[in-house]
Every structure is written in structure tokens, then in C-alpha cells.
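First the structure, in the form of C-alpha cells, and then the observations on it.
Since every read-out is calculated from the coordinates, none of them should be taken as a lab result. All figures in this text were calculated on a predicted structure; none of them were measured in a lab. In this analysis, Cβ positions are derived from the backbone assuming ideal geometry, glycine residues included, and neighbour counts consider all displayed protein chains.
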Amino acid sequence: GHVRGLGVCARPAASFDWVRRLLPPLGGRWLRCGIGPTSMQPKRAAHHFLITMATALAETVHAADAAGVDLAVLRDVLDAGPMASDVSRIKLDKLVRDDFTPQAAIRDVSTIARLVADQAASAGVDAPLMLRCVDLFEKAANSGCDTLDMIAVVKAFAAASVNSTCPVESANPNE
């Protein structure tokens, strides 16, 4: 599956309008996120949601699989639910098929999760879900899953009860 892109551009309003006219060939939707050092804050805030959502999805699939739930049925239920999105559908499909080919590698998401947690801490906000995500992604990266897709964080749940190495040998399930 393919997710339609969303780009953020750090420009003053006047120059953003000019730049936005040049961006359509790159596809997707472009939003202005401000200027200067605060321009990354909206992107980090959006990543806060996306990272915790994907981690909850991985945990859900892990628990359902362990309970003997038919993952194809679970996928159909979640894909029709109120929190369904292009991202959740693609990541859920990857989980059901054990496809950990990277779209967003664990090592990159681990770094972004740390930046998101740091932003929350700097604002004096308690972010226990994000802190748990930071821990899980760091464990997954350090256990050899660093080049796999972020959804392979599901292996951090499995590794916690089995061993300390990534139980997936390749990002390509066909290898």
C-alpha cells in the first residue's frame, strides 16, 4: 500500500505561498509549520500520536495472536473502526503478513521518539506512553531490529519474553 504524502515546510507565510506552487510535482499535501527553531514542534507533536498509535497497534496484534485471535478478522474489524487510517491499514497489513520491510526504520523512529519525549519534557508535560515507546524502540533497535520497519517493534514484546535479540533475521520475509 501507499500512503499519500504530507510535507511540512518551514517558511514565512509570504514565501510559503510561493514555494507551495512549486511543490505539487512532489505529490501529497503541504502545510506550513512556522519558521525558525519552533518549526519542527508541530511535526514532533504529530509524531507523538503516530508513534504511540503504531506501538499500540503492534501490542494489540501481539496480544491477539497470543490469544489465538484470527489476525485476518482482527484486521477487518480494525480497518472498519473509528481509528482506521491509511497508516493503520498499511501497518496492520504488514503485521498480519509478518512483513517488516522498512518504510520507517526502527532506528529512525527510535530517534524521533526520543525527540518527541524531549519536547514533551521541555514543556513540562508528563508523557508516559511516549516514554514507554522510547524504551520499546530503543530495545528493538539494540536487539538487532534497527533496520526493520517500525511495526517490527512487535518483536520487542516477543523478545521480552523469549530472548534479547531480534527474532526476525531479515527485513524481507521472503529471504
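Classify the range 108-160 as rounded, prolate or oblate, taking a ≥ b ≥ c as the square roots of the eigenvalues of its Cα gyration tensor: rounded when a/c is under 1.5, otherwise prolate if a/b is larger than b/c and oblate if not.
Because a/c hits 1.5 or more and a/b exceeds b/c, the range 108-160 counts as prolate.
Can you list the residues, at least 5 places off or on another chain, whose amide H is less than 5 Å from the amide H of residue 103, using H built in the peptide plane?
Here 149, 150 satisfy the definition.
At a 10 angstrom cut-off on C-beta neighbours, averaged per residue, how do the peptides 95-102, 54-61 rank from highest to lowest?
In decreasing order of mean packing, 95-102, 54-61 become 54-61, 95-102.
At 0.36 nm per residue, minus the direct Cα-Cα distance, what do residue 96 and residue 56 gain on full extension? Give it in nm, one decimal, please.
12.9 nm is the gain from fully extending residue 96 to residue 56.
So, counting K/R as plus one and D/E as minus one, what does the shell of residues with Cβ under 15 Å around residue 120 add up to?
+1
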